[in-house]
Amino acid sequence: MMNFPRIMCTQHPDSAIKYVPTQEELDEAIECFQEYGCDEYMPDYEGKTTPYHQNVQIITRLLEETKLRPGKDVFITPRIPSAIQENAFRQMMVMMSVAEANWKARECAEEQAIIELVHPMIKNISELVEAQQCTMNVTNLAKKEFKFEMNVPQIIPLLEEVPSLLAAARIVERGLSAYEKNLDMSLERYRAFIGKSDSALLFGHMASALACKHAISSIRELEQKIDTTLGIIFGGGALPFRGHITLENSENVFKEYAGIDTITLQSGLRYDHGIDKAKEFVKLAKSRLPSKARIFQQDEKEEMVNIIGIFGKNYIHMLYQIANIVNRVADLLPDQRDRLTREGIIGYSRDISMIAKVADLCRADIGKGLLNAQCKESLNLPRAIKYTGALYSMGLPPEFLGTGDGIVEIIDKLGDEALESLLLTYYPSLEADLNFSSKFLNLNVARVFFPERTFEQIERNVDILSNHFDISIGGESTYKALTEMAKPYLTDLLNKKEHILDDESLHLTKKILLELGKIRGSLG
């Protein structure tokens, strides 16, 4: 079996304890290799003000200060901006920075320093092909202008929305085929990146988890039919909504997402959980990865898609009711990395996914219900980390949104056997996720933020889940006290037309929100 990196250290801004400016990310990269034992680092240019020269700086420090050889012992795998969501110029500049890093490393190392790039938010094959063509153009430019030869870096598609996750095998197969055709060569290895966070933001926790598992199964099924070894990266954060990647939940993570080769180590786990737990998780992951995937049969995948449609419908129905409220609280959470603004010429936000693509895969009545859940208005959503953190801070962990109603509808439309399959086969970790989240649930606080009709739906979902699972609500006493303390300030913010607080109240509110993040072990 071909070896892929096991632990990808990332620059996600999900730590509540630590703000990391771009100037410190060079030290962070070296530390992740030498101190934590990671074997891959992802400089992140997606929505971030990361300097273009960061790639060459990391490569230079590795070569000058360590015995680690980039491209052999450890790997630098930048995430490039999307040409559609940001702009093509930024994407091209990052690719040029990769060429510079490889040019810098050529005299000191036999291996090419950077061999792959992550492309975010892949929705269709054309985005992947166009980005791959851009890497070829940059490679040819380096050869022509600088008399410098390098292999064309491969584009790793990041599949982070439910429609693309359900189409994972097709996207990977066509991306691989296009790459081989353009370069007139066969590839021994090709990687795909599966993202938990944004798929949860747009479709809910359960639809996201099942879509990720569907993607892993489909990619492994594809691998059996081709000559290329496929590597799968699983990206997630510490809170259940974003993946529940923690030392305490590690057994569930490795079982649920069996079949992956690489797992991310994000800032929340590294800094908020402490270096000892992070290092122990790295050690454990190295012993458990890669793992053999559970390949679902066709009838199982069809049932999973219908369950995804049901959970997605019930979550999206609630998302439209709460989005504007959550946005205002999300804006109070700190930027723990140097990021682009959420709105504006060079900024971007996340919007609702293309529901029709998922509805078309579902049974007719389920697909119709999913389509009916979508409103005509566009949602200007915050990024997944702040969205998750905002809801937790309001006493409403997003894992509860639509999940109870979804379970009731599964029984009603697919039967008790489908629910049994969900809880025993498709996603047995649901109870563990809810057990964690329920410690931070505070309905007395949540009820003041949402309209009465919306809160009644929230309360109904909690009641259903409490009846189905052995969960203890509001068990974290310090957290409960802090959410009660933040409640009047957040209520005041939401009630004011200008949506502003005086300086003293604003400072105190932000401080409380940060403390809440520290207690739950991640900003969001």
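Structure data summary
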| quantity | calculated |
| --- | --- |
| Filter pass, SER82 being of a type in the set (Ser, Thr, Tyr), surrounded by 15 or more Cβ atoms within 10 Å (Cβ to Cβ) and assigned to a loop (DSSP other than H, G, I, E, B) | yes |
| First in the range 236-263 and on the phi > 0 side of the Ramachandran plot, second anywhere and part of a loop (DSSP other than H, G, I, E, B) and small (Gly, Ala, Ser), Cβ under 8 Å, 6 or more apart | GLY243/GLY236; GLY243/GLY237; HIS244/GLY236; HIS244/ALA238; HIS244/SER429; GLY259/SER291; GLY259/ALA293 |
| Residue among ILE310, ILE295, ILE216, ILE260 that is touching a helix residue (DSSP H, G or I) at 6+ places or on another chain (Cβ under 6 Å) and buried (at least 24 other Cβ atoms within 10 Å of the Cβ) | ILE310 |
| Cross-chain or 6+ apart pairs with Cβ under 6 Å, the range 101-117 first and within 23 Å of ARG189 (Cα to Cα), then modelled with pLDDT of 85 or more and part of a strand (DSSP E or B) | ALA113/PRO70; ILE114/ILE76; GLU116/GLN154; GLU116/ILE156; LEU117/ILE155 |
| Every pair of residues 6+ apart whose Cβ atoms lie under 6 Å, when the first sits in the range 267-290 and is in a loop (DSSP other than H, G, I, E, B) while the second is among the basic types (Lys, Arg) | LEU289/ARG6 |
| Evaluation of LEU441 against (1) of a type in the set (A, V, I, L, M, F, W, C); (2) closer than 21 Å to GLY243 by Cα; (3) assigned to a helix (DSSP H, G or I) (one fails), failing number | (3) |
| Helices (runs of 4 or more DSSP H) contained entirely in the range 103-208, each with at least 3 residues that are buried (at least 18 other Cβ atoms within 10 Å of the Cβ) and either β-branched (Val, Ile, Thr) or in contact with a Phe, Trp or Tyr (Cβ under 8 Å, 6 or more places away or on another chain) (or both) | 125-146, 168-183, 197-203 |
| Test: residue in the range 352-372 that is within 20 Å of the chain's Cα centre (by Cα), at pLDDT 90 or above and surrounded by fewer than 21 Cβ atoms within 10 Å (Cβ to Cβ) | no |
| Matching residues in the range 21-46 - criterion: being part of a loop (DSSP other than H, G, I, E, B), crowded, with 24+ Cβ neighbours inside 10 Å and not aromatic (Phe, Trp, Tyr) | CYS38, PRO43, GLU46 |
| Test: residue in the range 444-458 that is of a type outside the set (S, T, N, Q) and within 17 Å of GLY204 (Cα to Cα) | yes |
| Given (1) crowded, with 21+ Cβ neighbours inside 10 Å; (2) closer than 22 Å to PHE241 by Cα; (3) more than 19 Å from the chain's Cα centre (by Cα); (4) not aromatic (Phe, Trp, Tyr), number of the condition LYS18 does not satisfy | (1) |
| Checking CYS32 against (1) farther than 14 Å from ILE275 by Cα; (2) modelled with pLDDT of 95 or more, the condition it does not meet | (1) |
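The values are calculated or read from the model by the stated rules, or taken from the named source; none is laboratory data. Computed from a prediction, not measured in an experiment: that's the story for all the values here. Quick reminder, even Gly has a Cβ in these numbers, built from the backbone with ideal geometry, and neighbours come from all protein chains shown.
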